[in-house]
Amino acid sequence: MEIPSKYEPQSAEAKWYAYWLEKGFFNSVPDDRPAYTIVIPPPNVTGVLHMGHMLNNTIQDVLIRRARMRGYNACWVPGTDHASIATEAKVVQKLRAEGVKKSDLSREAFLEHAWEWTHKHGGIILEQLKKLGASCDWNRTRFTMDEKYYEAVIDTFIDLYNKGKIYRGERMINWDPAAKTALSDEEVIYKDVQSHLYHLKYQVVGSDAFIVVATTRPETILGDTAVCVNPKDERYKHLHGKKVMVPLVNREVMIIADDYVDMEFGTGCLKVTPAHDMNDFMLGQKYQLEIINMMNDDGTISEAGGMYIGQDRFAVRKQIALDLDAAGLLIKQEAYSNKVGYSERTDVVIEPRLSMQWFVDMKDLSKPALDNVMNDNIKFFPPKFKNSYKHWMENIKDWCISRQLWWGHQIPAYYTEDGHWIVAKSLEEAQEKCKSQYPDYTGGLKQDEDVLDTWFSSWLWPIAVFDGFYREDEVSYYYPTADLVTAPEIMFFWVARMIIAGYEYRGELPFKNVYYTGIVRDKQGRKMSKSLGNSPDPLVLIDQYGADGVRVGMLLSSPAGNDLLFDEGLCEQGRNFANKIWNAFRLVNGWGENTEKAKPRGSALVAVQWMNARLNQVIDQLNDDYDKFRMNEALMNTYKLVWDDFCAWYLEMVKPPYGEKLDEETYAATIEIFEKILTLLHPFMPFLSEEIWQTIRVRQEGESLCLAQWPVAIPADENWLNGFEAFTESVIGIRNIRKDNAIANKEKLVLKVLKQDGDLSVYHTAIEHLGNIEATEMCDEKPAACYSFIVKGREFFIPFTEKFDVTAELKKLGDDLAYTEDFLQKVRVKLTNERFVSNAPQQVLDLERKKEEDAMHKIELLKTQIAALAK
RNA sequence: GGGAGUUUAGCUCAGCUGGUUCAGAGCACCUGCCUUACAAGCAGGGGGUCACUGGUUCGAACCCAGUAACUCCCA
């Protein structure tokens, strides 16, 4: 059977993924093996696969596949998130395109559209993950608005409410005037913008004097209820307790004094607008100031503003500046650059706004979550993220969980017409509670219109995917999960809150390790985004380079927590690697029908011994890399094992001379080694490794590399490892002589070796094989008229050919001599340093002495060679 | 404004407890090869003031202090 010289991924990928699914290798049910669980960070239900998902899910798949091979009951739970703001925005947009406004629809009608959209687009992303080779247990696919999941979210709300951890309060919140919803702090993005600083005149009541206030938002003077100065500020001391006129508005407000004001900023006078600025709100509460809400929920000026009613905030900013100027109240307007909060979802400027919202009291809840990360019960990789986690958790604010949306989990609170509320699981339950709490009330009850923050459902993910709020059988087996792989961007949104929920509802950590991936950027370091158009389509990449190639490309240069500068060249490298393995397979496979019963050749004997020692060494190294979550190093070590050790050395050593057959014993050993290598490769390159594994030996139906045992390392034989180094150096020595003297590889040479202790004779046939040496002669004395090279103190000689150039050879030896003498000099400086000799540990001293000795020996050899040539 | 981090080859990064032949890898680059598994390959090679300035030490890429540049997070 002819095997193509290029690996063709497409057919192998389709074939083996279907096989894996058909045999149910990825499905997990509790049994007596230890569990190893990963829950996927649920992508947005209507999202499409992007490069960040590729990286994230490749890492998870590597971890879960290795765990499966190590005998764990591996369970990777997939699923999607309802993503309330993002999904609702998409549905609204789609309806708008069809000429339907959300406000024209009833809640029920809108939700019908939303479900329709979800069913149409939902799960596309999961299908894409299958192309990548993700070994999820697809029977367990969950959605954050599944019936049971929905119930868990509502029950959690009710539970926290009953525990007094959820309260309703008027707070300054981040308001998105486009989406008309409150946003959490984390959903606000601060951007540098070029704006203006307006200097406004506030006349002191009962005097001709005035003070000047600098502000970037002149329109908010409509809501001013005080002016504040620093009590230490000498410029304004005489004005404490006086009143000023708000310009244009002509309202008299107090001048208050508080440390909060920065004397250096602007004029040192701060206008206070409690309804429209977080810090002003704080001042307002402290000094019992009037709160004037001068803005509507869509960002237009309200009745309370008194003027410009119904006009947009930014239009008013321009107009009021003109009007102030006309009235002589604008002193100056200077260019100013500051940071302004924007909505992550709609990209409009956030408006701080007072409103009634639901909050979770985070103070007590967050304590165990902080402690158990700081004491490493939950480990972060890389650990540097503990710092920012700590900082955030120690300054944690209450969590605003209500969102003015329809798509999501509707808040289970019911209001009476006279403003009381009852938290209950259903209207019926609420009515009953109402009867006992408010026996005289006869009116109806109306459920809160708002839904819960998306993260209020996803923080339950590691528990809820196992229905852990309602039954114990699965959650007690799979929880706590093993590793969580996610982006540092959502450390606070999600990771911290899952830890909080874990301790609150299971009394236990939700996962043992958190591996933070970096952000995938383009070659110029820009974040990949749709709007920049700099993100390749992952499916196109898989098509071009194969899933294995792309997986390798993603992992090659992405240490934990570091951003990955994505370059298609990396996928190409991955594809080339796959092809390299493929060709090793072709070579070995060809030997299968071409063996004979014979003693292994000397070079093959040596090769098998060394390769096994080397394999053991690398397995150890890989396990260590994995333990430390150094995925890219594990991959690179596997890469070098395959390419350098197995292909460049091992296979060349066992390869029979042209036209000859391979002995059966070496063939069997080679297959075993290859199988082990495929096992090590499988987490990274599941398709290619399975394809070869299935062909390299006759397999039974139902067998798969997925289930093969991860090799156990036995201590590597150091002798083989050390001796091999001398061997490779010898071969390289011969190659260099060929290169330097233009001796063709095809030309057979004679190698002469000086008889001495500890020779390399066991490697001689291997050296002959790889160096194309026709005979190795042992000599008692140094032979004349020879090229020579030195390996670890041993001299090798190759008789001159007709191309020999004395001058060149002398120069080379001379350079080498100069270098070695210089080196010796440096070592001796160290060794004659009294303080070094008396302070350095014995080990280091011995090493330096060994260096000295070796260098002296080498110098002697070089000098003799030069003398011989110069004759 | 507050906090954290980074700076080592052209690029991306290792360098773990200060000491393993004057600092390593992969890619890229240069030279020579279509050698019967693989040109998506083989063989060989060049490339570094370890950001800078001081300090500690017998010894510093590594520890300490300062300076500079960049990045991220938070307000």
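The values are calculated or read from the model by the stated rules, or taken from the named source; none is laboratory data. On a predicted model such as this, the values are computed, not experimentally measured, just so you know. Here Cβ is always computed from backbone atoms with ideal geometry, including for glycine, and neighbour counts include all displayed protein chains. All accessible areas refer to the heavy atoms of the entire protein, side chains included, with ligands and DNA or RNA removed. Shrake-Rupley method; radii C 1.70, N 1.55, O 1.52, S 1.80 Å.
So here's what we get for this one:
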| item | result |
| --- | --- |
| Residue within the stretch A:646-656 that is at pLDDT 95 or above, under 33 Å from the mean Cα position of the chain (by Cα) and assigned to a helix (DSSP H, G or I) present | yes |
| Breaking point among (1) hydrophobic (A, V, I, L, M, F, W, C); (2) modelled with pLDDT under 90; (3) touching a Cys at 6+ places or on another chain (Cβ under 8 Å), for A:Met356 | (3) |
| Subset of the stretch A:77-121 that is in contact with a Ser or Thr (Cβ under 6 Å, 6 or more places away or on another chain) and open to solvent by less than 40 Å² (accessible area, probe 1.4 Å) - its residue that is farthest from A:Ser689 (Cα to Cα) | A:Ser84 |
| The stretch A:360-386, subset open to solvent by less than 10 Å² (accessible area, probe 1.4 Å) and part of a strand (DSSP E or B), residue farthest from A:Met172 (Cα to Cα) | A:Phe380 |
| Conditions (1) surrounded by fewer than 14 Cβ atoms within 10 Å (Cβ to Cβ); (2) in contact with a Pro (Cβ under 6 Å, 6 or more places away or on another chain); number of the one not met by A:Lys755 | (2) |
| Failed condition for A:Thr728, given (1) under 23 Å from A:Leu605 (Cα atoms); (2) at pLDDT below 85 | (2) |
| Residues satisfying the stated conditions in the stretch A:630-677, i.e. near RNA strand B (Cβ under 9 Å from one of its atoms), open to solvent by 10 Å² or more (accessible area, probe 1.4 Å) and under 26 Å from A:Asn772 (Cα atoms) | A:Lys640, A:Trp643, A:Asp644, A:Cys647, A:Ala648, A:Trp649, A:Glu652, A:Lys655, A:Pro657, A:Tyr658, A:Gly659 |
| Residues of the stretch A:267-298 classified as under 17 Å from A:Ile221 (Cβ atoms) and part of a loop (DSSP other than H, G, I, E, B), total | 12 |
| Identity of the residue in the stretch A:233-268, of a type outside the set (Val, Ile, Thr) and in contact with a Ser or Thr (Cβ under 9 Å, 6 or more places away or on another chain), that ends up nearest to A:Ile292 (Cα to Cα) | A:Arg251 |
| Filter result for the condition that a residue is more than 16 Å from RNA strand B (Cβ to nearest atom) and either touching a His at 6+ places or on another chain (Cβ under 8 Å) or of a type in the set (A, V, I, L, M, F, W, C) (or both), over A:Ala766, A:Ala775 | A:Ala775 |
| Criterion (at pLDDT 95 or above and open to solvent by less than 50 Å² (accessible area, probe 1.4 Å)) met by exactly one of A:Gly444, A:Gly408 | A:Gly408 |
| From the options A:Asn616, A:Asn589, A:Asn623, residue that is part of a helix (DSSP H, G or I), of a type in the set (S, T, N, Q), in contact with a helix residue (DSSP H, G or I) (Cβ under 8 Å, 6 or more places away or on another chain) and more than 7 Å from RNA strand B (Cβ to nearest atom) | A:Asn589 |
| Residues of the stretch A:531-560 that turn out to be of a type in the set (S, T, N, Q) and within 8 Å of RNA strand B (Cβ to nearest atom), as a count | 2 |
| Output for the stretch A:492-530, where each listed residue is more than 19 Å from A:Asn57 (Cα to Cα), open to solvent by 50 Å² or more (accessible area, probe 1.4 Å) and either of a type in the set (D, E, K, R) or within 16 Å of RNA strand B (Cβ to nearest atom) (or both) | A:Glu504, A:Arg506, A:Glu508, A:Lys523, A:Gln524, A:Arg526, A:Lys530 |
| Search result, residues across the stretch A:792-833 that are without any contact (Cβ under 8 Å) to a residue 12 or more places away in the chain, near RNA strand B (Cβ under 8 Å from one of its atoms) and assigned to a helix (DSSP H, G or I) | A:Tyr819, A:Asp822, A:Lys826 |
| Test: A:Arg575 is in contact with a Ser or Thr (Cβ under 9 Å, 6 or more places away or on another chain) and either more than 10 Å from RNA strand B (Cβ to nearest atom) or not acidic (Asp, Glu) (or both) | no |
| Residue within the stretch A:702-709 that is over 18 Å from A:Leu770 (Cα atoms), assigned to a helix (DSSP H, G or I) and open to solvent by less than 30 Å² (accessible area, probe 1.4 Å) present | yes |
| Candidate set: the stretch A:443-461, residues that are of a type in the set (Gly, Ala, Ser) and in contact with a helix residue (DSSP H, G or I) (Cβ under 8 Å, 6 or more places away or on another chain); chosen: the one farthest from A:Ile40 (Cα to Cα) | A:Ser457 |
| Residue list for the stretch A:309-337, filter: among the aromatic types (Phe, Trp, Tyr) and either in a strand (DSSP E or B) or more than 15 Å from A:Glu219 (Cα to Cα) (or both) | A:Tyr336 |
| Restricting the stretch A:561-572 to residues that are in contact with a Gly (Cβ under 7 Å, 6 or more places away or on another chain) and part of a helix (DSSP H, G or I), the residue that is farthest from RNA strand B (Cβ to nearest atom) | A:Cys571 |
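Residues checked against (1) open to solvent by 70 Å² or more (accessible area, probe 1.4 Å); (2) in a helix (DSSP H, G or I); (3) polar (S, T, N, Q):
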site	(1), (2), (3)
A:Trp720	no, yes, no
A:Phe727	no, yes, no
A:Asn745	yes, no, yes
A:Val750	no, no, no
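For every residue, the table says whether it meets (1) away from RNA strand B (no atom under 16 Å from the Cβ); (2) of a type in the set (S, T, N, Q).
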site	(1), (2)
A:Arg345	no, no
A:Arg353	no, no
A:Met356	yes, no
A:Phe359	no, no
A:Leu365	yes, no
A:Phe385	no, no
A:Trp399	no, no
A:Gln404	yes, yes
A:Ala430	yes, no
